[in-house]
1. Could you go through the stretch 412-430 and let me know if any residue there is part of a strand (DSSP E or B), modelled with pLDDT of 95 or more, under 27 Å from Ala314 (Cβ atoms) and open to solvent by 20 Å² or more (accessible area, probe 1.4 Å).
2. Which of the strands (runs of 3 or more DSSP E) found entirely inside the stretch 457-500 contain at least 3 residues meeting this: under 16 Å from Gly425 (Cβ atoms) and in contact with a strand residue (DSSP E or B) (Cβ under 7 Å, 6 or more places away or on another chain)?
3. If you scan the stretch 339-357, which residues turn out to be more than 16 Å from Asp304 (Cβ to Cβ) and either among the small types (Gly, Ala, Ser) or surrounded by fewer than 20 Cβ atoms within 10 Å (Cβ to Cβ) (or both)?
4. Name the residues in the stretch 431-456 that are over 21 Å from Gln332 (Cβ atoms), in a strand (DSSP E or B) and not aliphatic (A, V, I, L, M), would you?
5. Of the residues that sit in the stretch 156-180 and are within 21 Å of Asn234 (Cα to Cα) and not in a loop (DSSP other than H, G, I, E, B), which one is most open to solvent (accessible area, probe 1.4 Å)?
6. Suppose we filter Thr88, Thr95, Thr144, Thr105 for residues that are free of Cβ contacts under 8 Å to residues at least 60 places away in the same chain and on the phi < 0 side of the Ramachandran plot; which single one remains?
7. Just to be sure before I move on: is Asp358 in contact with a Gly (Cβ under 9 Å, 6 or more places away or on another chain), farther than 30 Å from Gly455 by Cα and without any contact (Cβ under 8 Å) to a residue 60 or more places away in the chain in the structure I sent?
8. Here is a check on your reading of the model: is Arg149 in contact with a strand residue (DSSP E or B) (Cβ under 9 Å, 6 or more places away or on another chain), of a type in the set (D, E, K, R), within 22 Å of Val43 (Cβ to Cβ) and touching a residue at least 40 places away in the same chain (Cβ under 8 Å)?
Amino acid sequence: MHGATDRRRTDRRTVMKALGGATLAGGALGALGPTAWAAPERVRGTVHDVLDHGAVGDGETDDTEAFQSAIDAIAESGGGTLRIPPRTYVIAPVTPVVLRADDMTVIATGATFRRPNLKGRPSIMFAANTRGEPGYGSGVRNLTWRGGRFVGDLSDDNAICPFGLHHAQHCLFEGIESENCHAPNSHQFDLGGCDDITIRHCTFRGQQATETGGGEAIQIDASFRGTLSGGTENVGFSGLPSRRITVEHCTFEPFTDAAGTVWPGPTPMGNHFAVEGVHYEDIRFAHNQVTDPRTAVLFGDHRDTWRGTVHFIAVHGLEIIGNTFTMTQSRQTRVIAANSINWGAPASADPDGGTPKDYWDSVNDMRDVVIVDNVITGFTVEDGVDEHAAIVCHGMADGEVVGLTVQGNTVTDGWGPDSATHAAGIDIAHAREVEVEDNTVTDRHSGIRLTSVSGASVTDNTVRNTTGTTFPAGITGRDVVDSVVQAGPTSGYTAEVELE
């Protein structure tokens, strides 16, 4: 394997043990944020320079064919290194460059990638297409990509999806910048039926979004026709979900263009397509910095429970650890959402037949969820949107969240002075085997809210209200059984704990 870590799913107690004392430091890991990254010059096999294959890199000439020629040569030689010197390359005005070469390292430090100012789609620059029998790794294997800056122009609808990956396996992407590229309902990394992908030390700036349409910078998806962004070869669908996906030490932030327009920070990561009876596995979002993300409002339908800054449905083995989420604008959204779902493609659906959606009799649950040491600041909630808790983990009556740890998180500044909202700092519903410990919640209408929870340990949490307004109990609960719920330090609320 090259690049990505070979990480196997562990249960939440193993994760907590591995984190050790730092986890109990109350957000210490979250303060670290992304770390500085410098591109290593490690190469493998024969080095192919894209300039030797005819690339010009003058910011005007279409270099698509030159890139494809270099990658095809590496594929024919059984692997190697693609060197992309620091120039500006125009790529994929019509069709993407296909990543056909396994065992390839791409060194693109200092290189800039653009598209011509065409309003049409597709917008993918580099694609991994299914080769031969569909399945994990049939797209591309053992790809390492280091460096490169992708630059779009959202004011002119010139959007880019840098990577559309179908059935990619054992891949590492690091040190990549995406700037002013992210259009509504599109992505920067589109992962369909992928396995063992790591994205780290990358920066994502700006997203064009509407209230009802956003799209994740990094989308986790299953291999179904219609799930991938346009531009990938539309064949070879297996129905397999993406698994073992890690995003770490990345930055997601706003972008101000030359005209002074400020595009909000991208929605960093998530999934919103479910297949009955199929679960995504081993998803990790850790030590990232998220600033002023776009609005992600709810519309009252369970199908919208995925909406949030990072949002996940039907995952077994989810880790959200040590991230910092900061909002300085008057936009509203959940911050972390992890939910069961009973809507999407039925089990009988043909992956090659599109993405039919309907309600199911069964539920795809969430299992083994770890939300630890995240710092959440400034996500105020307006009146009437009481579902916008900062941390939301909701199962369903017949599809509980099983195995949930919420520990060491800090949530502050969520109350609006003109609001009658009931948004909580932490909101858990229909869950069992729950640990909520050592969290600090300040100025949320409700600190911790529990609904239909069993087997819970809620201890050593600090809940404060400094607004001067009377709030209800710091910890509220309905239908909480076989659980230990302790107040912890609580101030400024009418009661410490109130359970029905």
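1. yes
2. Answer list for the stretch 457-500: 462-464, 475-481.
3. Passing the criteria: Ala345, Pro346, Ala347, Ser348, Ala349, Asp350, Asp352, Gly353, Gly354, Thr355, Pro356.
4. Once the filter is applied, which keeps residues that are over 21 Å from Gln332 (Cβ atoms), in a strand (DSSP E or B) and not aliphatic (A, V, I, L, M), the stretch 431-456 yields Arg432, Glu433, Glu435, Glu437, Thr440, Thr451, Ser452, Ser454, Gly455.
5. Within the stretch 156-180, the match that is most open to solvent (accessible area, probe 1.4 Å) is Gln169.
6. Thr88
7. yes
8. no
The values are calculated or read from the model by the stated rules, or taken from the named source; none is laboratory data. Note that the structure is a prediction, hence the values are computed from the model and not measured. Cβ sites come from the backbone with ideal geometry, for glycine too, and all protein chains shown count toward neighbours. Ligands, DNA and RNA are excluded from the accessible area calculation, which covers all protein heavy atoms including side chains. Shrake-Rupley method; radii C 1.70, N 1.55, O 1.52, S 1.80 Å.
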